[in-house]
Amino acid sequence: MNWLSNFIRPRIRAVFKKKDSSQDAWLQCPKCNENIFRKDYVEAQRVCPHCDHHGRIGSQERFDALFDNATYTESELPRAPDDPLKFRDKKKYTDRLKEARAKTQKVDAMAVAQGPIGGIETVVAVQDFAFMGGSMGLAIGAAIVVAAKQAIAENAPMVLFSAAGGARMQEGILSLMQMPKTTVAIDMLRDAGLPYIVVLTDPTTGGVTASYAMLGDINMAEPNALIGFAGPRVIENTIGEKLPEGFQRAEYLRDHGMVDMVVHRRALKETLARTLRLLLNRRATDQSEETRESEDNLTASEQSAAS
Amino acid sequence: MVSFLDFEKPIAELEGRIEGLRQMSTDNDAKVADEVLKLEARANQMVRSIYSKLSPWQKTQVARHPDRPHFENYIEELFVDYTELAGDRCFGDDVAILGGLAEFRGRSVVVIGHEKGSDTASRVAHNFGMARPEGYRKAVRLMDLANRFGLPVITLVDTAGAYPGIDAEERGQAEAIARSIECCLRLEVPLIAVIVGEGGSGGAVALASGNKVIMMEHSIYSVISPEGCASILWHSSENAQAAASALKLTAQDLLELEVVDQVIEEPAGGAHRDRAQTIESVGDAIERALESLSELDGAQLKTHRREKFLTIGGLNSV
Ligand SMILES: [Zn+2]
């Protein structure tokens, strides 16, 4: 908890005061139903202190926890055209966008920032499930291209956190075309000889998994994250039976060779810093030493999740 | 025996009457022959009229028509010396996707496509054209082969989507599709993709990330099936018609959105009414597409593909 309390607390406190003061001081873990003191929960990056359930986390909190001293610069992203197909189901797509923007204070589901991780300047893209289920449309594709180009221009590695049910249906075929588009972006990184690390978080399914989220040089996943191509309900409807326990969870993917490791959120910064350092053939600096120390403070269960 | 779609009922009735008249006229009954001719003209007129204003949902039905020419028909008519290659060299051979070496109008190519099957037994054998990871990994293997020997790749896309099953997930369906897209995009040989029937989501784009993407007049290409979209957004699959319209999945919509490069006209009444003519026009379109790329070298072909997909939707350039 050291680095977390030292570096992040002031920032988290600010967020906490601004956004959470009107909410209850206590909340209930959706998995184990235990009561959690909200402040503890936020400080623990939304991981339940009782059962280690990893709750969903937004891009700002992710950046704060990941970059050294919570220092980073967010990238400006191109504004995608709203509603290119004039899509309407029970609701107009433009209304769904308005609601999502009001709820999240974001323009779309992907944020990109650059800063040091264990002293290594890194471009990080975070997909935010809170914005229309993180769904992949033109804005996501454009953001990933911007992130990849920035990484290439800065000669920096790229880390991407995926979280989405899949493509954004309201953008029809244009959302499907983000699969090849983002794949081109990843390919450009590879041509530039830069690492691309994916952290798959809960949930990552559909066209997102079947493109940029599975193409990492290294794939990491958060504990118990749902990861797959077809959604569990679609599979159940197709085969007409209940799915086995643990199916399509992070640990299942690791056991089936699809991800390199399952990493507890608290060990993520250190794991990323170490992996980048080794990939880029750099040696530990004072900055990375400090994050390494934080690993020593992990509980045994966290260590094993991180291994 | 042609199978008729629900909106083709008036055509079916008329053609039934023509057939009946033909059987009635024993010898050279001029009156009946005259009547048959008139009715045939009317039937043709009706086919043209109905097919000129198909709704997106009706086009979806035509794209899925069981008598529509599929991979094996194209192979038979357009390719010489087709030599099928099997297996992904990891796990097995998935015949929802077929492919191999062949000669196409005087040049060697690698041809790959979904095969839905043509009767109950073969449909089951080909898993209705819904591939598992092995299918996409076989496609990657064949594309790599084409790349090494400088052969153009032709893909014929016709799938409802990748197979959603436990075994497919277990063996990395998402990764297999992602690698197939990646492979398409890295090729230094031409890749021509033709959506000949259904272009269903990731399972289609895995074979369709090409230099030229061509659609048949009554084919569809979509991020999700109209039924799937309706059940998620309308909470009822009965709204599939509305979903089909909203999704903009027709060849005409995709040409307008600049997602596809060309639309191949189908015979009156759809590809299934005149398979030979359909297959011939597909062959001509592929040949023209290959010719249009003949000036580009390997690196330029790859750049051409990258630019195409980076600029879709008009947001980023290379
Ligand atoms: Zn809990």
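The values are calculated or read from the model by the stated rules, or taken from the named source; none is laboratory data. Quick caveat, the model's predicted, so the values are computed rather than measured. Every residue, glycine among them, receives a Cβ derived from its backbone with ideal geometry; neighbour counts consider all protein chains shown. These accessible areas exclude ligands, DNA and RNA; they are computed on the full protein's heavy atoms, side chains included. Shrake-Rupley method; radii C 1.70, N 1.55, O 1.52, S 1.80 Å.
Restricting to Cα pairs below 8 Å that are 6+ residues apart, what does the relative contact order work out to for chain B? Please round to a whole percent.
On the way: 586 pairs, mean separation 49.1, N = 318.
Result for chain B is 15 percent.
What's the magnitude of the charge dipole for the protein assembly as shown around its Cα centre, counting Lys and Arg as +1 and Asp and Glu as -1 at the beta-carbon? Answer in Debye, nearest 20. Present the calculation step by step, with values, prior to reporting the outcome.
Numbers: 72 positive and 89 negative charges, 404 e Å.
Dipole about the Cα centre, nearest 20: 1940 debye.
Once you average over the residues of A:206-218, how many Cβ atoms of partner chains fall within 10 Å of each Cβ? Working shown, then result.
Working: counts 5, 9, 3, 7, 16, 8, 3, 3, 9, 5, 0, 0, 0.
Mean number of neighbouring Cβ atoms from other chains: 5.
Over region B:197-246, what number does the Rg to Rh ratio reach, with both radii from the alpha-carbon atoms and Rh per Kirkwood? Don't jump to the answer; show the numbers that get you there.
Numbers: Rg = 12.2 Å, Rh = 11.7 Å.
Dividing the radius of gyration by the Kirkwood radius yields 1.05.
Note the direction-averaged projected area, equal to a quarter of the hull surface, for the Cα convex hull of region A:57-306, in nm².
Working: hull surface 56.0 nm².
Directional mean of the projected Cα hull area for region A:57-306 stands at 14.0 nm².
Hey, if we sort B:ASP81, B:ASP93 by accessible area with the 1.4 Å probe, largest down, what's the order?
B:ASP81, B:ASP93
What is the ratio of the Cα radius of gyration of region A:159-293 to 2.2 N^0.38 Å, where N is its residue count, to two decimals?
Numbers: Rg = 16.6 Å, N = 135, 2.2 N^0.38 = 14.2 Å.
That works out to 1.17 for region A:159-293.
After finding the eigenvalues of the alpha carbon gyration tensor for chain B, what semi-axes result from the square roots of 5 times each, listed largest first in whole Å?
Working: eigenvalues 258, 100, 80 Å².
Computed over chain B, the values are 36, 22, 20 Å.
Show the residues, 5+ positions off or on another chain, whose built amide H is closer than 5 Å to the amide H of A:MET136.
A:GLY166, A:ALA167, A:ARG168
How about the protein assembly as shown: what cysteines have no other cysteine beta carbon under 4.7 Å from their own?
Cysteines of the protein assembly as shown left without a disulfide-compatible partner: B:CYS90, B:CYS183, B:CYS184, B:CYS229.
For the protein assembly as shown, just the Cα atoms, rotate onto the principal axes and tell me the three extents in Å, largest first.
Per principal axis, max minus min of the Cα coordinates gives 101, 53, 42 Å.
Quickly rank A:82-88, B:84-90, B:247-253, B:29-35 as a protection proxy: mean count of other C-beta atoms within 10 Å, highest first.
Details: A:82-88: 16.7, B:84-90: 14.4, B:247-253: 24.6, B:29-35: 11.7.
Output ranking for A:82-88, B:84-90, B:247-253, B:29-35: B:247-253, A:82-88, B:84-90, B:29-35.
I need the peptides B:111-118, A:259-266 ranked by packing, meaning the mean over residues of other C-beta atoms within 10 angstrom, with the highest value on top.
Details: B:111-118: 25.0, A:259-266: 21.8.
Taking the mean over residues of other Cβ atoms within 10 Å, the ranking is B:111-118, A:259-266.
So if I take the alpha carbon set of region B:120-202, get Rg, then get Rh from the Kirkwood formula, what is the Rg over Rh ratio? Could you put the intermediate results ahead of the total?
On the way: Rg = 13.2 Å, Rh = 13.4 Å.
We get a ratio of 0.98 for region B:120-202.
Can you show me the helix-derived [θ] at 222 nm for chain A, built from DSSP H runs with n ≥ 4 at -39,500 (n - 2.57) apiece and divided by the number of residues, rounded to the nearest 500.
One gets -11500 deg cm²/dmol as the mean residue ellipticity at 222 nm.
Could you work out how much longer the chain between B:HIS304 and B:GLU84 gets when fully extended? Use 0.36 nm per residue separation minus the Cα distance between them, nm to one decimal.
Values: separation 220, 0.36 × 220 = 79.20 nm, distance 2.91 nm.
Full-extension gain reported as 76.3 nm.
Starting from the residue with the highest accessible area, list A:THR182, A:THR94 in decreasing order, probe 1.4 Å. Spell out each step's value before the answer.
Values: A:THR182 0, A:THR94 45 Å².
The ranking, largest first, comes out as A:THR94, A:THR182.
Ranked from the most accessible area to the least, with a 1.4 Å probe and all protein chains present, what is the order of B:PHE79, B:PHE4?
Working: B:PHE79 15, B:PHE4 75 Å².
Most to least solvent-accessible, the answer reads B:PHE4, B:PHE79.
When you look at the Cβ of every residue in B:159-169, what mean number of other chain Cβ atoms sits within 10 Å? Before the final figure, lay out the partial values.
Values: counts 0, 0, 3, 3, 4, 12, 5, 10, 1, 5, 13.
Mean shielding count: 5.
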